[in-house]
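Please read the structure below before turning to the comments.
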Amino acid sequence: MMGGLSWGQGSGGAVSSVGKIDVGVVLGAGRELDLRQAIPVPDFGGFWFSAPAEVAITARRIGRGVELDGTIEATAVGECARCLDDVRFPVYLDVAENLEPPGEKAGPFDDNNVLVGDQLDLTDLVRQLIDSALPITLLCNEECQGLCPSCGKKRGDACSCPPPDPE
């Protein structure tokens, strides 16, 4: 990329330890900034993340704000809602966000709560996007019959109890 900057792990200066990115060069000079980071994702609801999310995003100036294009990849782990087995849920997101600097009365629930001045909170943006992509109910598969109420084992696999009486 001609005229752009690239920042990744260990690049120094542009990324703080908490995932805040200085996008002043994007907002001020209009230069592109390539962001390649492994971002830890905190647990959310019944989901946890055994590895950081892989983030590849390009930041560009649009008007007074920043346009973010790229991808986020992560794997969430949670329990099946029926049988309680651990389930790995791959998350792949195409990112296309336009962030305008917040107004004077900006709050934590505004449309843009990740860009403050020249600082982009990449960690919080990644967390918000991943959390919004997680399913409400996680299943190991659609045919999962859950646990047997008699023996407590997984129906169809380890359970040898007779099928429940339909009445």
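The values are calculated or read from the model by the stated rules, or taken from the named source; none is laboratory data. Every value quoted in this text rests on a predicted model; they were computed, and no experiment measured them. Methodologically, a virtual Cβ is constructed for each residue, glycine included, from the backbone with ideal geometry; neighbour enumeration extends over all protein chains shown.
Numbers for the structure displayed
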{"quantity": "Matching residues, region 110-125, being part of a loop (DSSP other than H, G, I, E, B) and either modelled with pLDDT of 90 or more or within 17 Å of residue 68 (Cα to Cα) (or both)", "calculated": "111, 112, 113, 114, 117, 118"}
{"quantity": "Selected residue [over 30 Å from residue 151 (Cβ atoms), touching a Phe, Trp or Tyr at 6+ places or on another chain (Cβ under 9 Å) and among the charged types (D, E, K, R)] from 124, 131", "calculated": "131"}
{"quantity": "Complete set of residues in region 46-104 that are of a type in the set (Gly, Ala, Ser) and more than 11 Å from the chain's Cα centre (by Cα)", "calculated": "46, 50, 51, 56, 59, 63, 65, 70, 78, 81, 96, 103"}
{"quantity": "Total residues in region 131-142, condition surrounded by fewer than 13 Cβ atoms within 10 Å (Cβ to Cβ), touching a residue at least 12 places away in the same chain (Cβ under 8 Å) and within 9 Å of the chain's Cα centre (by Cα)", "calculated": "0"}
{"quantity": "Residue identified as surrounded by 18 or more Cβ atoms within 10 Å (Cβ to Cβ) and touching a residue at least 40 places away in the same chain (Cβ under 8 Å) among 46, 65", "calculated": "65"}
{"quantity": "Matching residues, region 34-73, being polar (S, T, N, Q), assigned to a strand (DSSP E or B) and under 29 Å from residue 138 (Cβ atoms)", "calculated": "37, 71"}
{"quantity": "Options 145, 128; residue that is part of a loop (DSSP other than H, G, I, E, B), of a type in the set (S, T, N, Q) and surrounded by 12 or more Cβ atoms within 10 Å (Cβ to Cβ)", "calculated": "145"}
{"quantity": "Close pairs (6 angstrom Cβ cut-off, 6 or more residues apart or separate chains): under 15 Å from residue 43 (Cβ atoms) in region 70-99, exposed (fewer than 15 other Cβ atoms within 10 Å of the Cβ) and of a type in the set (A, V, I, L, M) anywhere", "calculated": "91/133"}
